[in-house]
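K.L.:
The structure follows.
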Amino acid sequence: MEWAEYEKKLREFGYKDEAITKIKPVFEFASNAHKDEKRFSGEPYIVHPIATSLKIAALRLDSDTISAALLHDIVENQNIKIEELKKKFGEDIAFLVEGVTKVDKVRYHGIERTVESLRKMFLALASDIRVVIIKLMDRVHNMETLEHVRTEKQKRIALETLELYAPLADRLGIWEIKAQLEDLAFPYIYPEEYKWLKNQIKERKDVGEQYLSKLKPIIAAELEKEGILNAKIVYRAKHMFSIWKKLLKNEMNFDRIFDLVSMRVIVGSVEDCYKALGILHKTWKPMPGRIKDYIALPKPNGYRSLHTTVFGPGKKHIDFQIRTVEMDNEAENGIAAHWFYEVEGKKKAIKKLDDKKFLWVRQLQDWQAEYAGSSAPETLTALKIDFFKDRIFALTPKGDVIDLPDGATPIDFAYHVHSEIGDKMSGAKVNEKIVPFSHRLKLGDTVEILTQKNKKPTADWLDFAKTSIAKNRIRAFLRKAGGGSAGKISDKKLNDSLEAAITVKDRVGVLRDISTVFSNLDINIVGTKSGPLSRDHHRIIVSFEHKKGVPNTKLLGSIRQIKNVEAVVITEAK
Ligand code: MN
């Protein structure tokens with residue numbers, strides 16, 4: 001694409017001279033740098049950064065983000081240094097490109113146990129939400145062109161999209177992107193199911209759409225009669241992957257899911273939302289239990305709308321979402337909806353976090369409290385992601401993420417991978433260089449632990465270990481070594497590890513409460529994993545070291561008392 005055409009597109013999105021003058025030299029630099037490079041499809045490589053940056057322009061982000069999107073693959077593919085970008089285009093753009101380059105390290109390898117750490121690591125490395133948005137749009141375009149990639153790679157990329165990128169989009173409240181990513185990944189991960197579903201819904205969707213298209217003028221007329229003029233009425237198909245997930249929960253029974261196609265009524269004010277709801281209910285009978293007021297009580301992630309299901313003509317169920325233009329924009333674009341700066345012509349600093357609009361920031365804080373277990377920082381700048389700053393996420397050579405506290409050393413790393421690796425550690429390499437045992441790990445380090453059969457922990461290791469898991473294991477080993485031949489038996493006892501399978505109804509902070517119970521009883525948690533059971537239930541598995549003197553009944557009782565815990569089973573770990 002030539003500059004003239006690109007400029008035209010930017011102007012269509014509302015960008016003015018000031019932004020355009022800044023973006024032009026970046027566009028030319030990127031086009032030139034990638035000029036000899038091709039994509040798998042055979043197209044010139046620059047097509048990809050251009051497409052990514054235009055997706056960002058569609059969200060109306062600032063010119064720095066658009067520029068960084070144009071440059072996002074330049075460091076990796078063309079070996080251009082961040083320093084050079086800094087000199088040419090300034091600190092801010094260089095900082096964003098550097099962020100994108102850093103998160104490129106984060107790869108999902110299909111290990112469910114570590115996926116949450118992977119998401120956290122991604123955010124910590126990105127260090128700015130605009131970096132996350134560039135990566136999301138980069139991924140959308142890569143998914144749109146995934147057919148050109150080798151088959152073996154397709155599935156890995158699609159799985160990573162589903163496990164890593166779609167949940168990040170969800171947490172940032174960019175549901176439109178989340179839906180796109182899921183639907184793009186779906187056919188690569190479940191090809192048979194996708195084909196089946198596509199056939200199943202084709203007809204139903206067409207029938208539904210025809211029905212709603214006939215209904216649209218009727219609704220408009222009813223609203224106008226009561227003085228709501230210019231309401232925007234749209235019907236849209238639910239995205240495929242969400243229908244699929246719904247079907248899985250409803251024994252694959254289409255009759256039990258109402259909303260293959262739903263109707264959205266967008267009006268001018270909150271008052272008109274309630275008025276429209278009344279008009280719809282006067283016209284058709286509402287279905288009991290399906291009326292939801294997310295305007296008075298927004299969802300935790302900030303979503304606002306009124307929902308209802310009515311018995312329309314022919315006793316058919318129709319799902320309605322009623323919202324204002326602003327609510328609609330927020331639901332579609334999430335945090336990006338708050339960043340109109342270039343278009344508005346002035347930079348809008350986002351400072352006041354108590355503003356209702358920044359519910360998403362609180363959502364991220366809650367998420368942090370839930371998963372990182374530490375208390376949320378009192379102040380947080382809107383763009384900076386600094387809530388994982390006390391954690392080090394380091395990688396095994398295979399790419400698994402090990403989540404450690406700040407100050408951790410290779411000894412901690414080794415014991416967190418496996419106690420036997422810790423016990424036999426003879427040395428460590430960080431980013432392929434040999435380091436001493438006392439070396440402080442940094443975010444994103446790749447750590448390889450070297451082991452030797454006859455190696456044993458020594459007392460000085462305790463000075464280097466930062467985590468209680470490592471310290472306890474070293475102490476246990478030293479005790480055992482002092483205890484002579486009885487060592488083998490006590491070691492076996494020590495290895496007795498148990499698992500608590502806990503069913504919880506989702507609540508922010510529940511994981512933290514569970515880990516508090518363990519730490520109050522002074523029981524070592526070896527690991528946790530969790531997976532969804534249904535829309536609002538999770539199963540959390542906590543593996544822990546069996547502790548003499550603490551009967552399981554005591555542990556069970558304490559866990560059961562936690563709010564929203566519905567069942568607990570303790571078994572021996574496999
Ligand atoms: Mn890219």
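The values are calculated or read from the model by the stated rules, or taken from the named source; none is laboratory data. For clarity, every value in this text was computed on a predicted model and none was experimentally measured. Methodologically, a virtual Cβ is constructed for each residue, glycine included, from the backbone with ideal geometry; neighbour enumeration extends over all protein chains shown. Heavy atoms of the whole protein, side chains included, go into the accessibility calculation; ligands, DNA and RNA do not. Shrake-Rupley method; radii C 1.70, N 1.55, O 1.52, S 1.80 Å.
K.L.:
Provide a single number: the residues in the stretch 43-63 that are in contact (Cβ under 8 Å) with a residue 24 or more places away in the chain and more than 12 Å from the ligand (Cβ to nearest atom).
P.N.:
Selection size over the stretch 43-63: 9.
K.L.:
I need the full set of residues from the stretch 129-157 which are open to solvent by less than 10 Å² (accessible area, probe 1.4 Å) and more than 16 Å from the ligand (Cβ to nearest atom), in order please.
P.N.:
Ile129, the sole residue that qualifies.
K.L.:
OK, next. If Lys24 satisfies all but one of (1) modelled with pLDDT of 95 or more; (2) within 16 Å of the ligand (Cβ to nearest atom); (3) not acidic (Asp, Glu), what's the number of the condition it fails?
P.N.:
(2)
K.L.:
Exactly one condition in (1) touching a helix residue (DSSP H, G or I) at 6+ places or on another chain (Cβ under 8 Å); (2) modelled with pLDDT under 75 is false for Ala481; which is it?
P.N.:
(2)
K.L.:
Regarding Glu116, is this residue outside the structural domain of Thr396 (by the TED database), more than 25 Å from Gln154 (Cβ to Cβ), of a type in the set (Asp, Glu) and away from the ligand (no atom under 14 Å from the Cβ)?
P.N.:
no
K.L.:
Glu37: free of Cβ contacts under 8 Å to residues at least 40 places away in the same chain and over 30 Å from the mean Cα position of the chain (by Cα), yes or no?
P.N.:
Spelling it out, it is not the case that Glu37 is free of Cβ contacts under 8 Å to residues at least 40 places away in the same chain and over 30 Å from the mean Cα position of the chain (by Cα).
K.L.:
Also, I was wondering about something else. I need the full set of residues from the stretch 268-308 which are in a helix (DSSP H, G or I), in contact with a Leu (Cβ under 7 Å, 6 or more places away or on another chain) and among the small types (Gly, Ala, Ser), in order please.
P.N.:
Within the stretch 268-308, Ala276 is the sole residue that qualifies.
K.L.:
Select from the stretch 64-93 the residues that are within 13 Å of the ligand (Cβ to nearest atom) and not in a helix (DSSP H, G or I) and write down the one among them that is surrounded by the fewest Cβ atoms within 10 Å (Cβ to Cβ).
P.N.:
Among those that are within 13 Å of the ligand (Cβ to nearest atom) and not in a helix (DSSP H, G or I), it is Asp73.
K.L.:
How many of the residues in the stretch 9-27 are surrounded by fewer than 19 Cβ atoms within 10 Å (Cβ to Cβ) and under 24 Å from Thr145 (Cα atoms)?
P.N.:
Total meeting the criteria: 2.
K.L.:
Starting from residues that are within 20 Å of Leu71 (Cα to Cα) and among the aliphatic types (A, V, I, L, M), keep the ones in the stretch 101-122 and report whichever is modelled with the lowest pLDDT.
P.N.:
Across the stretch 101-122, the extreme among qualifying residues is Val106.
K.L.:
Same structure again: Could you grab the pairs with beta carbons closer than 6 Å, sequence gap of 6+ or different chains, first residue in the stretch 125-146 and modelled with pLDDT of 90 or more, second one away from the ligand (no atom under 14 Å from the Cβ)?
P.N.:
Filtered contacts from the stretch 125-146: Leu136/Ala169; Leu136/Ile177; Val140/Gln180; Met143/Leu184; Leu146/Gln154.
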